[in-house]
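Accompanying notes for the structure given below.
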Amino acid sequence: MSPLKVWTNRLRGLLLQWLLLLSLLSATGSFRSKIFTKHVLRSNLSTSFYVLDDTPGLDRVFDGIGGVSGGGATSRLLVNYPEPYRSEILDYLFKPNFGASLHILKVEIGGDGQTTDGTEPSHMHYKGDENYFRGYEWWLMKEAKKRNPNIKLIGLPWSFPGWIGSGKSWPYDSPSITALYIVSWILGAKKYHNLDIDYIGIWNERSFDIQYIKILRKMLNQKDLDRVKIIASDNLWLPISISMLLDDELLDAVDVIGAHYPGTHTVQDALKTNKSLWSSEDYSTFNNEVGGGCWARILNQNFVNGHMTSTIAWNLVASYYPQLPFGRDGLMTAQEPWSSHYVVETPIWISAHTTQFAQPGWRYLKTVGHLQNGGSYVALTDGLGNLTIIIETMTHEHSKCIRPPLPFFLVSEQTTTFSLQGTFKELRMLQVWYSKLGKKPWNDTFLFKQLPPLKITNGTVTLQLGLDEVYTLTTITTGQKGSHPTPPESRPFPSNFEDNFNVGNPPFSEAPNFADQTGVFEYFTNDQDTSGHSFTLRQVLTQRPITWAMDADQTISIIGDHNWRDITITCDVYMETPVTGGIFIAGRVNKGGSFIRSAQGVFFWILANGTYEVTGDLERRRIIKGGKANVMAKKWYTLTLNITDSSAYGILNNRVLWKTQLRPLPRNGWAAIGTRSFEFGQFDNFHIQA
């Protein structure tokens, strides 16, 4: 044999030994090199085996999947949708065995403050004031219950009305008063809407107060609300977990530890409490296929990595102006009530992979975890013989959530065999539902698609898993990809819009399409009016709330199309505060939400001291023009603002009051109304021509 053939045979032998070693290492899950990914797995040289067995006992109780309405007025535009489109959207969110089929609805307890994309009204603007019909969260909870009577309801405050903190911007100054305020909301939900609130939170992503939590628990018990469970602290795992471990009374008071954006991991101190662990706010990601990948990954891995038994998405439905912060971060999109257009986005169908095939009260199996070559699997059972397995193989690139940062990891194609043991050994068939995400081209055809049932052979099932896939294998046969007729096409906000607010007894307190950014604008009826303004829109806050975001010092509500450039706005206005009062209409308002303080645009003010101002910003730091206007409080005026290209003029009661060339300002933005400070002010006969 020639020396060349000797060396060739030796190299061939070494190569075979190397491949054998790789195969053995793959079986123990101890090798993750790129060479292995490319050359071994894709050649299907190995199969990974996983055991699903209830013999060792079951793991934690599954508490359900949910969404947050509010936490920033995120459902603001939904209530303005006409039927049947509004009901169709609600079906996709809540109807069992239809769409997302959510188990949990978490709502903001309105506190009058800016909480990301707008303000939501409190049930108590002032001490002694009670109104349990303000806002749309009551309506939304009833609609959710109508579709799923078993849905769990959670209330959580983001901001509080100013009187709570005695002017100190601190809700725990008088913890008994704050507890009574929250308990009143729970009692009002039952008395006026027949809604049972199941869980209550403390203060979203802000400090908690141990004494307040204890008082809240005692007051709930005193009001026969023992069944209402407390979630704390809707922020980080620490320090609430440590505080509970050091304080037995606090430990008894808190039922669920809720963390926000935990990155699928928990901490030992939280586990030591033996409390239910929830990702009580998560996701917050643009709802395209990457957002769907984020949602698929964390729904599984929040339990696999962090023992979390519930994951709640912020937000439920992206139903707010898209140029506000975190546009389209909802499970679906419904931001055009004027056109009735909506979109059933990817996360709806990713939710269905879990929600339609496992219900709260089911339990996780202990034999769940990571797939050997990336991805994860969970399995749940009702204890009556039913089994649901959810498998995800989301890649790093296509499953990034907005936060926290996602460490790099590899996922590769793989063959998996699941061995069903214990109670499940006698199963013979599993239903199969499938979704494919990731790189385009892809379409809705590959979202939540039912595949032929999978036969179980000798107690095992085998799957070939690709990248960015979700599988549900289940004994449940009621799954359905629900559908409604295609909604109308998208259209811009009407260029000719008017509202005289003559609605009499409105079903909601807010006027359609107005999105309050600081302050609260409500329908107002004045039976004593003789000037033709019996029904108006009124700004009703006279005290700055306990803020969550950066409310402006001025109140403002926006409306319309952020792309508007040339526009004429007309509105009747009424200042109620003498001397120091003021009121405005505005165009090209470029910012909102938690950035409202820095909003720029063209603002036309009249002030109760008899003057007018034209400013380039909401805070009145850039005065473009000003002078006498001969105006006063307690009298109606008609204001008109015309903006064309780089010039503008204002009309007061049919008289041109000012003309000006504009300094460099935003070239487009919303229309808006508002007041100089937290003060009463009224608006009527609002009209836009863009």
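The values are calculated or read from the model by the stated rules, or taken from the named source; none is laboratory data. Keep in mind it's a predicted model, so treat the numbers as computed, not measured. Neighbour counts run over all protein chains shown; Cβ positions are idealised from the backbone, glycine included.
Side notes on the structure shown:
- Screening the stretch 135-171 for residues that are more than 20 Å from the chain's Cα centre (by Cα) and crowded, with 22+ Cβ neighbours inside 10 Å and picking the one that is farthest from ILE202 (Cα to Cα) gives GLY162.
- Condition check for ARG32: under 30 Å from PHE409 (Cα atoms), among the basic types (Lys, Arg), modelled with pLDDT of 95 or more and surrounded by fewer than 24 Cβ atoms within 10 Å (Cβ to Cβ): no
- Filtering GLY57, GLY70, GLY99 for residues that are touching a residue at least 60 places away in the same chain (Cβ under 8 Å), under 16 Å from LEU156 (Cβ atoms) and not hydrophobic (A, V, I, L, M, F, W, C) leaves a single hit, GLY70.
- Residues located in the stretch 367-401, provided they are buried (at least 22 other Cβ atoms within 10 Å of the Cβ) and under 17 Å from PHE357 (Cα atoms): TYR377, VAL378, ALA379, LEU380, THR381, LEU387, THR388, ILE389, ILE390, ILE391, GLU392
- Residues of the stretch 615-632 satisfying the condition of being of a type in the set (A, V, I, L, M, F, W, C) and in contact with a Ser or Thr (Cβ under 6 Å, 6 or more places away or on another chain): ILE623, ILE624, ALA629
- Condition check for ARG622 on (1) closer than 25 Å to PHE524 by Cβ; (2) within 38 Å of the chain's Cα centre (by Cα): one failure, at (1).
- When the stretch 259-276 is limited to residues that are surrounded by 17 or more Cβ atoms within 10 Å (Cβ to Cβ) and touching a Gly at 6+ places or on another chain (Cβ under 7 Å), the one that is farthest from LEU216 (Cα to Cα) turns out to be THR264.
- Qualifying strands (runs of 3 or more DSSP E) (wholly inside the stretch 466-550; at least 2 residues being under 30 Å from VAL344 (Cβ atoms)): 469-474, 496-499, 515-518
- Any hit, the stretch 584-607, residues being surrounded by 19 or more Cβ atoms within 10 Å (Cβ to Cβ), assigned to a strand (DSSP E or B) and basic (Lys, Arg): yes
- Lone unmet requirement of (1) assigned to a helix (DSSP H, G or I); (2) surrounded by fewer than 19 Cβ atoms within 10 Å (Cβ to Cβ) for ASP226: (1)
- Considering residues of the stretch 493-550 that are hydroxyl-bearing (Ser, Thr, Tyr) and out of contact with any strand residue (DSSP E or B) (no Cβ under 9 Å at 6 or more places or on another chain) only, the residue surrounded by the fewest Cβ atoms within 10 Å (Cβ to Cβ): THR530
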